[in-house]
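Report on the structure given below.
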C-alpha cells in the first residue's frame, strides 16, 4: 500500500507587517507604514489603531482557500486573531495577497511577537516581528526666518 502525499493548494511566500492596508479602485493594495521586522515604538504599552498583515502566497489550484492568522506577544498571550476564506479563480501558480487588517492591537512589552499563519491544508507557518522601545525623538530645530 502506498500513501500519496497531496500538495497544498496554497504555498506561503512572505509576510509584510504594516500599519494599515487599503484597496485602490484599480484593485491594487496600498500598504501603509511598512515595517522591517522591527516595530519601533516610543512608549509601551501602546494601543495601535490597526495592524496590517499582508500575506503573500502562491495559489497552486483554484477554489476556496481557508486561512487563519494568530499573533501572540513574547509571553504567549493572544494579541490578534483572524480567520476567513478567499475564493481564488485565477490561474494556478500565480501569487495572491491576503490582506488582513486587525485592530485595535495592544502591544504590551518589548520582544519577539509570533505570527502563526495557516493557509488551506498546508502546515502552519511561523513568522516573527520584534517590538522595540526607542527614545522619544527630539523636536526638530527650527531655523529663524530670514530678515
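Readers should treat all values here as calculations from the given coordinates under stated rules, not as data from a laboratory. Remember, predicted model here, so these are calculated numbers, not experimental data. Quick reminder, even Gly has a Cβ in these numbers, built from the backbone with ideal geometry, and neighbours come from all protein chains shown.
In table form, for the structure just shown:
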{"read-out": "From the coordinates shown, Rg/Rh (Cα atoms, Kirkwood Rh) corresponds to which of [x] 0.98; [y] 1.08; [z] 1.11", "value": "[z]"}
{"read-out": "Modelled FRET efficiency - R0 22 Å, residue 13 with residue 121, Cβ distances, 0.05 increments", "value": "0.85"}
{"read-out": "Length added when fully stretched, residue 106-residue 130, from 0.36 nm per residue minus Cα-Cα", "value": "7.2 nm"}
{"read-out": "Packing-based order for 11-20, 49-58, using average beta carbon neighbours within 10 Å, highest first", "value": "49-58, 11-20"}
{"read-out": "Extension gain from residue 44 to residue 85, taking 0.36 nm per residue of separation minus the Cα-Cα distance", "value": "11.4 nm"}
{"read-out": "Relative intensity, log₁₀ I(q)/I(0), of the stretch 79-128 from a Debye sum that treats every alpha carbon as a point, q = 0.16, 0.20 Å⁻¹", "value": "-0.64, -0.91"}
{"read-out": "Average Cα contact separation per residue, the chain, under 8 Å, 6 or more apart, as relative contact order %", "value": "28"}
